[in-house]
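The structure under discussion appears below in the form of C-alpha cells.
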Amino acid sequence: MADSLKQEIEKRRTFAIISHPDAGKTTLTEKFLLYGGAINLAGSVKGRKAAKHAVSDWMEIEKERGISVTSSVLQFNYDGFCINILDTPGHQDFSEDTYRTLMAADSAVMVIDGSKGVEAQTIKLFKVCVMRGIPIFTFINKMDREAMDPFELIDQIENVLGIRTCPINWPIGSGKNFKGVYDRNTQTISRFIAGDNGQKVETVEAKLGDSGLDDLITKEYHDVLVDEIELLDGASDEFDLDKVRAGQLSPVFFGSALTNFGVETFLQHFLDMTTSPLPRTSEGQAVDPFSNEFSAFVFKIQANMNKAHRDRIAFMRICSGQFEAGMEVMHVQGGKKIRLSQPQQMMAQERKHVEKAFAGDIIGVFDPGIFSIGDTLYKGKNPVKFEGIPTFAPEHFARVRQVDTMKRKQFMKGINQIAQEGAIQIFQEFNTGMEEIIVGVVGVLQFEVLQYRLESEYNVEIRMDQLPYEHVRWIENEDVDVSALSVTSDTKKVKDLRDRPLLLFTHPWSIQTALDRNEGLELSEFSRN
Ligand code: G4P
C-alpha cells in the first residue's frame, strides 16, 4: 500500500455529535470548526446571534422549530488530523436517523447542558448511541451558568444511560462562581476568568492542598475541590482506554462552548483517545480500512436538500481505500457497475466537488433513484457486502391524502420519495390498491416534517388522520392468504412498498390473538431487506 494512502487514512477521525436541542451542539461544532480554521466568525459570539442558525442547519422547519431535522457532515483539519463531524437530528423523534448516522461514525460526542442534565426527551436518543457500541465522549456544557451538582450529573449519565463514566476534568463552581476546571491527570487548573470582552483562560499547576490555590480559586472552593477529587478518586471508575474504545466507559469533560472554555482541551483528548477509521463487517469478515480497494455503504439519502438543486443525494461512508472522482464501482444491491457522479463533500449548504476521499470520509453522490439505505459499493477483486442498517418499527400511524385530488401524481411522487429516504414508512390497504395511504413513523414530529416537505417541495397540501395503531408486524409466511387470516376487529391488514403483507395492531395482546387464532402464522417486528 502506498504510504500516502496509509497516512491519509491514519489521520482521519469520524464522529457524530448528539445532544438535546439547545444543549449547545451547534455552538460546540462551531468552535471545533474555528480551531480548524474552517469558518471564520469575526466577533464569534455576537456574530452567531445575528446569524441565529448555524452552518449545519438546512431546512426551514429546522429554523422555525429550532431543531435539527436533517443531519449534515462537516470536515475540518486540526493538528494534523482530518476530522469529519456528523451532525445528528437533535430530537428523539428522529432517533432512527440518528442511528443511521451513528452507523457511519466511529465515535460519538454527547453534549449535555450542565444546568439540565440528561433531559427526558433525550434519553432515547442517547440510548441509541449506547446501543451502537461505539466510544462515547461526554461534554458537559454551559458551566458558565448555574449547573447541577457534578456528581448528580455523572450519576444521571450512568444510571439513565447505563454506561460507566470517567471524569477527565472536574469543575470548580459554576455560573457566576465558575472558577475553571481541574485536570485530574495533569493536576493543573485551567482558570476561567470572565471579563467584559469575553474571558481569559489561564492554566496553572495546581497541587491540591497548596495554600497558593486559596488565592487563585478562594479557600472555600479549594476545600470543596480537595474533598470532591478525593471522593472521585475513591469512587469513580479508573480511566481505561480499552473500555473507552469498547463503548463501556465514557470520558467526561466539563466546559463552556459559548465562551470557548475547555473546547480545545476536549478536542485534544478526544483525538488522543480515538483511533483512525474502524473496520466494518462484510459477511462476517472485517474489511481493513487501509486496504487499497475502495468500499463504502450508503447510510443516508436526502432529496431536495437545497431548492436550487432539486436532486437526490446519497451519503456514503467510505470504509476502505480511496475514492476518486469518476471511478467505476460495483453497486452490490443493484447488481451492476456504476460511475459515481458529481461526488461532493458537504459544508451545510455549500457543496464542494471532491476529487479524492479516503476511508473514514463521508461523500455525497448524485442518486438517480437507484440507491437504498444500507447499500454497498466497492471496487476490486474481492466482493464486499456490508451488513445492513436495521429499520426501526414505526410506532405512530396516520391516514394521509392530498387535499386537491388533481395532485395525486405529485402526492404519490413526494410521499414515495420521502419514504425511500427512510424518513417515513408507507403502507396501503391490503385489498383496495393505491387509494389509501397509511404512513408509519417512529416519532410524531416526522408527520410534521412530511406535511411541511410535501407542501414546500411538491406543492401538495395533505390531510392527515391519526390512527390508533402502535405496533407493526410483518407476515413472514410466504404463501399466506392474508384476507383469510382471523384477527381482532381493531387489527388492520396492509402491505408495504414492496407488496409484503403486514398487520397493524392497537394493543400488544391483539398480536398474541392473531398468533393464537392462526396456526403457523409467523410475525416479525422488522421487515426483511
Ligand atoms: P443546539 O445546537 O444543541 O440546539 O444548541 P446551540 O448550540 O444552538 O445553543 C443553544 C443556546 O445555548 C444558544 O443560545 C447558545 O448561545 C447557548 N449556549 C451554547 N453553549 C453555551 C455555553 O457554554 N454557555 C452559555 N451560557 N450558553 C451557551 P440562544 O440564545 O438560544 O441562541 P443564540 O441567540 O445565542 O444563537
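Observations on the structure shown:
- Surface listing: THR405, THR391 arranged by accessible area from highest to lowest gives THR405, THR391, probe 1.4 Å.
- The distance linking the stretch 87-106 with the stretch 256-293 is 17 Å (Cα centroid to Cα centroid, whole angstrom).
- Annotation: LYS6 carries an accessible surface of approximately 90 Å², with a 1.4 Å probe and no ligand, DNA or RNA atoms counted.
- Residues whose amide H comes within less than 5 Å of that of THR165, counting only those at least five positions distant or on another chain, are ASP237, SER250 (H built at 1.01 Å from N in the peptide plane).
- Largest-first ordering by accessible area, 1.4 Å probe, given options GLU228, GLU525, GLU146: GLU146, GLU525, GLU228
- Two-site FRET efficiency, GLN248 against GLU205, from Cβ-Cβ distance with R₀ of 51 Å, rounded to 0.05: 0.95
- For the chain: rounded, prolate or oblate by the Cα gyration tensor [a/c cutoff 1.5]: prolate
- Given charges at Cβ of Lys, Arg, Asp, Glu: the stretch 214-305 dipole, positive-most of SER282, ILE229, PRO251: SER282
- Structure note, pairs LYS352/LYS409; LYS25/LYS413; LYS127/LYS176; LYS25/LYS124: Cα-Cα distances above 24 angstrom occur for LYS352/LYS409; LYS25/LYS413; LYS127/LYS176.
- Here the accessible area of the chain is 46 percent carbon and sulfur, with a 1.4 angstrom probe and all protein chains present.
- Shape of the stretch 376-529, Cα gyration tensor, a/c cut at 1.5: oblate
- Heavy-atom accessible area for HIS20, with the other protein chains in place and a 1.4 Å probe, reaches approximately 20 Å².
- VAL403-GLN333 FRET efficiency (beta carbon distance; Förster radius 45 Å; 0.05 resolution): 0.80
- Shown is the FRET efficiency for ASN159 and PHE239, computed with R0 = 30 Å from the Cβ-Cβ distance and rounded to the nearest 0.05: 0.90.
- Total formal charge among the other residues, if their Cβ is under 12 angstrom from that of GLY443, Lys/Arg +1 and Asp/Glu -1: -4
- Cα gyration tensor, the stretch 226-306 - rounded (a/c under 1.5), prolate or oblate: oblate
- Solvent accessible area, Å² - SER276, 1.4 Å probe, full protein context: 20
- These residues, ARG145, ARG280, go from largest to smallest accessible area, 1.4 Å probe, as ARG145, ARG280.
- Accessible surface for the chain, divided over its residues, is 44 Å² per residue with a 1.4 Å probe.
- Relative contact order of the chain, pairs being alpha-carbon contacts under 8 Å that are 6 or more residues apart, as %: 12
- For the stretch 397-529, with +1 on Lys and Arg beta carbons and -1 on Asp and Glu, the positive-most of HIS471, GLN417, VAL460 along the dipole: VAL460
- Part-to-part distance (alpha-carbon centres) for the stretch 357-414 and the stretch 438-463, which is given in Å: 17
- Of all aspartates and glutamates in the structure, those lying under 16 Å Cα to Cα from LYS116, and not within fewer than 8 positions of it along the same chain, are ASP22, ASP144, GLU146, ASP149, GLU152, ASP155, GLU158.
- Dipole moment magnitude, nearest 20 debye, the chain about Cα centre, only Lys, Arg, Asp, Glu C-beta charged: 2000
The values are calculated or read from the model by the stated rules, or taken from the named source; none is laboratory data. All of these numbers come straight from a predicted model, not from anything done at the bench. FYI the Cβ positions are ideal-geometry reconstructions off the backbone, even for glycines, and counts take in every protein chain you see. These accessible areas exclude ligands, DNA and RNA; they are computed on the full protein's heavy atoms, side chains included. Shrake-Rupley method; radii C 1.70, N 1.55, O 1.52, S 1.80 Å.
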